[in-house]
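Structure first, then comments.
FYI, it's all coordinate maths here, none of it is from the lab. All of these numbers come straight from a predicted model, not from anything done at the bench. Cβ placement follows ideal geometry from the backbone for every residue including glycine, while neighbour counts extend to all protein chains displayed.
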Amino acid sequence: MPLGTLIDITRPYSPVMAKAYDLLIAPAVERLVQAVIDELAGSLPKGASILDVGCGGGHVLLALARRRPDLVLSGVDLSSDQVRRARARLRAAGHSATLLEGTALQLPVEAESVDHVLSIASLKHWPNR
């Protein structure tokens with residue numbers, strides 16, 4: 001039986017899965033998307049707002065915050081554990097972002113309240129792509 005039939009990837013990560021993703025997968029994803037981070041950091045106007053849908057543990061948000069502390073950052077993730085990790089990660093590095101638990105299909109933000117939206121490697125978790 002394929003593993004995909006045993007795991008519903010549209011569900012929020014459990015604490016164990018959140019930690020595993022945070023430690024093993026997120027750093028590799030961040031390295032893979034470094035060009036996207038560089039492009040955003042170099043092209044956004046001062047004070048632009050960005051929403052990271054499926055922000056996980058906040059690795060991409062932190063990379064943007066380090067490059068561009070003037071940006072207004074926010075993130076949404078299905079997993080309360082990932083949201084907690086993202087908050088702690090950004091705070092420990094001296095940065096802040098608005099981090100919310102929620103789904104890409106019903107974003108917990110006002111329409112047109114951000115300048116840019118990004119989503120990296122989270123589409124597989126959306127029940128309706």
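Quick notes on this structure:
- If the condition is being closer than 19 Å to Ile37 by Cβ and either aliphatic (A, V, I, L, M) or in contact with a Ser or Thr (Cβ under 7 Å, 6 or more places away or on another chain) (or both), then the range 65-91 contributes Ala65, Leu71, Val72, Leu73, Ser74, Val76, Ala86, Leu90.
- For the range 52-87, filtered to residues that are among the charged types (D, E, K, R) and within 18 Å of Lys124 (Cα to Cα), the residue that is surrounded by the fewest Cβ atoms within 10 Å (Cβ to Cβ) is Asp52.
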